[in-house]
Structures are given as structure tokens and as C-alpha cells.
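Colleague: What follows is a single structure, and I will ask about it in a moment.
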Amino acid sequence: MQPETQRLDRAPTPSTPHSCSASAGQRLPLLLAAALLGLTQGPARAQTGPFLEGELIVRAQASGGGTAIRRILPWSGTGATLATAQVWGGWSSSLVYDPYRDALLASASFAPDTFFYYRLWAIDGRGTKRPLPGFAKRPLRAITPTGDGRVFLMEQISSVNAGPIQWLDADDGLHTLLDASGSAPFVFPLERMLYHAAGNALIGANSGWWASNDCAPTGASFFRIPLSADGTRVGGPIACVSFSNNTPEVMGFDWLPSGEILVTLAVNGGVAEDRLVRLDPWSLSTSGWADPNVGDINGGVYAQALGQAVILDDWTNQLRLVPQGLGGTNQGSVLPVDVPVGDPSTGFSPAETLNEVQGVLGHCNGYANLYGAGLGGSGGFLPLLTLSGCPDLGKTAVLRVAEARGGASGFLGLAFATGNLPLKGGTVWIDPSALLLPFVTSGSPSQPASGAFALPFTNLEPLLIGLSIYAQALVNDNQAPFGWAFSNGLEIRFG
């Protein structure tokens, strides 16, 4: 494969569009290996280490502004800040751990994107962030990994309204869940969801006032949505049960070792009902689990490493241990931690959340790190350049351009160093002597954000381990300031 003669310090001249073939992608490692001496070590990155089974994840206000994601080892109380978002998107269940991607999935806006440019991000244990395509400008809630690569979720429209339930496949492709007839999108607002693998069903929850589909106006509603065998549509009647009549807020939804669900509730004032409730995912029957005397709860999980529940006490900004059966005036013992887990405000809300890392499958050694702001084109969308899969030895990864203008020609630049060159209203974030690979985006011609392109490759060169290359995409777009939309920069570190 020969590089184009054009350079990124000169705007590429549109020509007859032609796609970069799959064979080009398969030969990409050979090209990189041939230029190995030109590779430079990527910048050192702060690391907090791989995710560990049972660690806690707290989302709370950051001291310098924005929202911090903090990870805590419950057996030692030590913690660290993994990432800080500019603005949080979505509502409840907009931060979860996905064992298949070994990453936290977060609906948020991160720099260098503009303040309210929400995306769905996969954040690995090093703190490196990979946006998942298909969610630009869309805050999300009820994010639910299945563990096999699928992720169910829905767009947050308001506190009571949501878009149709959608699902990502293992290759980050986006699909819409259909209703039981298979003919229409399934719109069913939920605050929280869990995937019940044994029953191939989505188990959902809404607080007492959330949506018109609740089965009681003042109780927490729990739902069982069966899925078809292939998971593409609703597979049968939807069941719903209600719990309490004190308008409880569902602040936690987590699995118990028994295969039941631990539901954490917050209610105003002193009530006799349990705040930690056991929910059967088959029958939706409920029973009391514990009733800590804490009114302002902003999250709850069952910590399998400790054999107890952990709740986030928003009144005192502390984590508390709650054993099964706790009640009366007992609040549970404080779990000491060395990072903040709350903010100055009180009153239960999705302002803070508590999650647990469960089902860790393994880790990538290599990674991809997004850097540098892109330049928007049609519809104000920024072309998105990401890497899916592990760039590890012997494994296949895929470079993807997404959210670009449909049916447009473009160039993918690959370089051995970063850059910072203003050009045509944007910035070239890679060395301008980059190799340029032409491509054409899929999607309807001129349709904003519908264009995509994928380039798979396999790392077959041991000498690449620990080294980085840098990539950026330019897409021909007549709605961009000077006719070209720029993607972010992307560092690919081989493992």
C-alpha cells in the first residue's frame, strides 16, 4: 500500500471517491512495522490500574467544578479520581461498568468537546476515554450491559420521557429494540434497567412519579420485559408490580448473590417500609432486606467482597455498611474512605451515584486515547474517530470514523508523532507528513451524522508493543467552514 502524495499541511483536494479496501486494513501492520524506527513513544499517561472485581464507583461533584468519577477499594478504603466530566448527561443509571469492554460507560460531556456535547464514553482503568459512536448530543439513561457485548439504553428526553430502548452490539453497532409485533420501536420510559440473563428479560424500575407507564402513581414500579430469543424485540407481555405508596425514589438497582435484585429506596420522613428491598426477577415479588435509619440515600449496592450492602448517605457524605436485617434506629457503620463521596447539597437525587464493578473478564494491554478538538460539519456534528477492540499482539482492532456527513469522501491520516497545526478553521493533531488513506463514508448522501467508515487491522508485530501511532480523519463537508470537517486526534498504543 503506497501513501498518498498529499500532506495534511495542505488541504486534500477532493477527487473521484474511492474506498480503502479491507486488504489495505489487513496490511496496515506491515506498513507500521516497516516504519518502526520512525515511531515515537507516546506521552506517559496517569494510571489508576486495571479495574478490580468488587471495587466501588462513586460519581459526585468535583472540587474544581464538573463531575468526578472516583473508584474506591471497599476492603481498604483507598480511592482515586478516574476522570472528571464537564457536564453529566442523562439521569439515573447513566454510569455503569461493562465487563465485556472492561470499561465504565458514562453519558457525559468531556473536554475538549464543547460544554454540552454529550457522548457515551467507555472509560478504561487507566482513565483513557473512548466515545462510542451514535450518541452525539444525546444524554442517556438506564444504561444496561449484558456482559456479552450488548448494551441496552435509552435517550433521556425529560425526567418522565425517554426515547425508544436501543442496544449496542459487541462491535458498537447501534440498533433499536422493536415492540412485540416487530414493526415499531419499543418506547417504554424506565429509570433503571438490569438484564436478567437466566430469563432473557429486562428488569426495569421507576420511582413513584416517573412516567405514565407506572403501574401505580405513588409507588415504585418494577417491570419485567421479556425479549425474543435473538434479543431484537419484546418477546411477550410486560409485567408490572408496585411497591409502597410513599412515592419512593429508586436510588440503587444491583444483583444479590441469590440472583435476586437489591433495590435501594429513598423516602421523605420516617416510614415503616424497608429502604433496602429484595426483588425477584422472575415473579417481581418483593420482600424486606434491611431498613437503615437514613433518609437521604443517593445510591446503594451489594458489596460481595464485604458480604454487606453499601449505601451513599448524602446527608453526611459518607458510605455506610448495611448488613441484611438491619433496622430500628441503626444507620449502619461508616465505611471510611480517603476520597470525597458527596457534595455540599442534600436531598436525594441523581446528583451522586454509587456503582460496583462486577464480572471482570480481562483487560487490554494496549489502548486508544482521544485527544484534540475536532471541527464540526453538517448539522454541527463532529466527525468521531475511535478504535474498538484491543490493539494487542495477535488481536484485531477496528479504526472507525463515525458521525460524519453521509456519502462523503475523506482521508484517514496515520502518523508517528502528534502535531498542532491550524488549517482551514480546524487543527491537524498529527504530524503533517502523515500517510493519507482515502475513504468514502456510508450513509445517505449529505445526511448529517449518518456517515461512517471502518478499517480493521491485526497487530502481528511484537516490536510494536508499547509504541504509539497517531490518527485523524478529514471529511469533505460543504457545511464545514472551509469545506472540510476534522475529527479528533487518536493515539493508538499497541499492547
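Colleague: Quick one: accessible area per residue over segment 241-339, 1.4 Å probe, rounded to a whole number of Å²? If you can, show how the numbers build up before the last one.
Modeller: Numbers: 3810 Å² over 99 residues.
Accessible area per residue, segment 241-339: 38 Å².
Colleague: Report the percentage of all Cα-Cα pairs in segment 42-172 whose separation exceeds 25 Å, rounded to a whole percent. Don't skip to the answer; put the middle values down first.
Modeller: Numbers: 1929 of 8515 pairs.
That tail contains 23 percent of the Cα-Cα pairs.
Colleague: Quick one: Karplus J couplings for segment 462-475, per residue in order, coefficients 6.51, -1.76, 1.60, θ = phi - 60°, nearest Hz, x for Gly and Pro?
Modeller: Calculated HN-Hα couplings, in order: x, 5, 7, 4, x, 9, 10, 10, 10, 9, 7, 10, 10, 10 Hz.
Colleague: Between Ala239 and Ser158, what length comes free when the chain is fully extended (0.36 nm per residue of separation minus the Cα-Cα distance, one decimal in nm)?
Modeller: Values: separation 81, 0.36 × 81 = 29.16 nm, distance 2.39 nm.
Length difference between fully extended and current span is 26.8 nm.
Colleague: Sequence-distant or interchain residues sharing an amide H contact under 5 Å with Ile157, placed H: which?
Modeller: Counting only residues 5 or more places away or on other chains, the set is Ala162, Gly163.
Colleague: Could you look at the chain and say what percent of its accessible area is carbon and sulfur, using a 1.4 Å probe and all protein chains? List each step's numbers first, then the result.
Modeller: Numbers: 9830 of 18170 Å².
Of all accessible area on the chain, carbon and sulfur atoms account for 54 percent.
Colleague: Give me the one-decimal Kirkwood hydrodynamic radius in Å for segment 110-229, with the sum taken over alpha-carbon pairs. Don't skip to the answer; put the middle values down first.
Modeller: On the way: mean 1/r = 0.0648 Å⁻¹.
Kirkwood hydrodynamic radius for segment 110-229: 15.4 Å.
Colleague: Please check which bits of segment 312-355 a label hung off Asn246 would reach, taking the label as a point 7 Å along Cα-to-C-beta and the cut-off as backbone N under 14 Å.
Modeller: The answer is 327-330.
Colleague: For the pair Thr346/Ser333, report the inter-label distance in nm, with labels modelled 7 Å from Cα in the Cβ direction.
Modeller: Between Thr346 and Ser333, the label points sit 2.5 nm apart.
Colleague: When the chain is fully extended, how far beyond the present Cα-Cα distance does Ser283 get from Ser258, taking 0.36 nm per residue of separation?
Modeller: Working: separation 25, 0.36 × 25 = 9.00 nm, distance 1.45 nm.
Full extension of this stretch gives 7.6 nm more.
Colleague: Please give the charge dipole size of the chain, origin at the Cα centre, charges +1 on K and R Cβ atoms and -1 on D and E Cβ atoms. Round to the nearest 20 debye. Could the numbers behind the result be given before it?
Modeller: Values: 27 positive and 37 negative charges, 242 e Å.
Using Cβ point charges on Lys, Arg, Asp and Glu, the chain gives about 1160 debye.
Colleague: Can I ask one more? Give the dimensionless ratio obtained when the Cα radius of gyration of the chain is divided by 2.2 N^0.38 Å. Present the calculation step by step, with values, prior to reporting the outcome.
Modeller: Values: Rg = 23.7 Å, N = 495, 2.2 N^0.38 = 23.2 Å.
Rounded to two decimals, the normalised Rg is 1.02.
Colleague: Could you compute the net charge surrounding Gly173? Neighbours are other residues with a C-beta less than 11 Å from the C-beta of Gly173; K and R count +1, D and E count -1. Numbers along the way, then the final one.
Modeller: Numbers: positive: Arg150, Arg400; negative: Asp169, Asp171, Asp172.
Net charge in that neighbourhood comes out at -1.
Colleague: Next question. Provide, in order from the shortest bin, the percent of all Cα-Cα pairs of segment 361-478 in each 5 Å bin, continuing until the bin that contains the maximum pair distance.
Modeller: Using 5 Å bins, I get a P(r) of 2, 11, 20, 22, 20, 13, 8, 3, 1 for segment 361-478.
Colleague: Shifting gears a bit: 7 Å from Cα along Cα→Cβ at both Asn213 and Ser446: what's the point-to-point distance in nm?
Modeller: In this crude label model, Asn213 to Ser446 measures out at 3.7 nm.
Colleague: While we're here: Can you list which of the chymotrypsin sites (Phe, Trp or Tyr not before Pro) found in segment 44-89 are DSSP loop residues with at most 15 other C-beta atoms within 10 Å?
Modeller: Numbers: sites: Phe51, Trp75, Trp88; in loops: Phe51, Trp75.
Of the chymotrypsin sites (Phe, Trp or Tyr not before Pro), the ones in loops of segment 44-89 whose Cβ has at most 15 other Cβ atoms within 10 Å are Trp75.
Colleague: Length gain on complete extension for the stretch Asp148 to His175, per 0.36 nm per residue less the alpha carbon to alpha carbon distance? Walk me through the numbers before you get to the answer.
Modeller: Details: separation 27, 0.36 × 27 = 9.72 nm, distance 1.55 nm.
Between Asp148 and His175, full extension yields 8.2 nm more.
Colleague: How many nm separate the modelled label positions at Leu393 and Ser183, each set 7 Å beyond the Cα in the direction of the Cβ?
Modeller: 5.7 nm
Colleague: If you don't mind, another one. Amide H to amide H under 5 Å from Asp477: which residues, 5+ apart in sequence or cross-chain, H placed 1.01 Å off N in plane?
Modeller: Under 5 Å from the amide H of Asp477: Trp484, Ala485.
Colleague: Mark the label point 7 Å from the Cα of Glu461 along Cα→Cβ and return the residues of segment 410-434 whose backbone N is within less than 12 Å of it.
Modeller: What the label zone holds, given the 12 Å backbone N cut-off, is 415-416.
Colleague: Further, regarding this structure: For segment 231-278, just the Cα atoms, rotate onto the principal axes and tell me the three extents in Å, largest first.
Modeller: Dimensions of segment 231-278 along the principal axes of its Cα atoms: 43, 25, 14 Å.
Colleague: Projected onto the charge dipole of segment 360-474 (+1 at Lys/Arg Cβ, -1 at Asp/Glu Cβ, origin at the Cα centre), which of Ser409, Ala397, Gly362 gives the Cα projection farthest towards the positive end?
Modeller: Ser409
Colleague: If you line up the long axis of helix 22-34 against the longest principal axis of the chain, both from Cα atoms, how many degrees apart are they, to the nearest 10?
Modeller: Helix 22-34 sits roughly 80 degrees off the main axis of the chain.
The values are calculated or read from the model by the stated rules, or taken from the named source; none is laboratory data. The model shown is predicted, which means the values in this text are computed figures rather than measured ones. Here the Cβ is made from the backbone with ideal geometry for all residues, glycine too, and neighbour counts use every protein chain on show. The accessibility values were calculated without ligands, DNA or RNA, using every heavy atom of the protein model including side chains. Shrake-Rupley method; radii C 1.70, N 1.55, O 1.52, S 1.80 Å.
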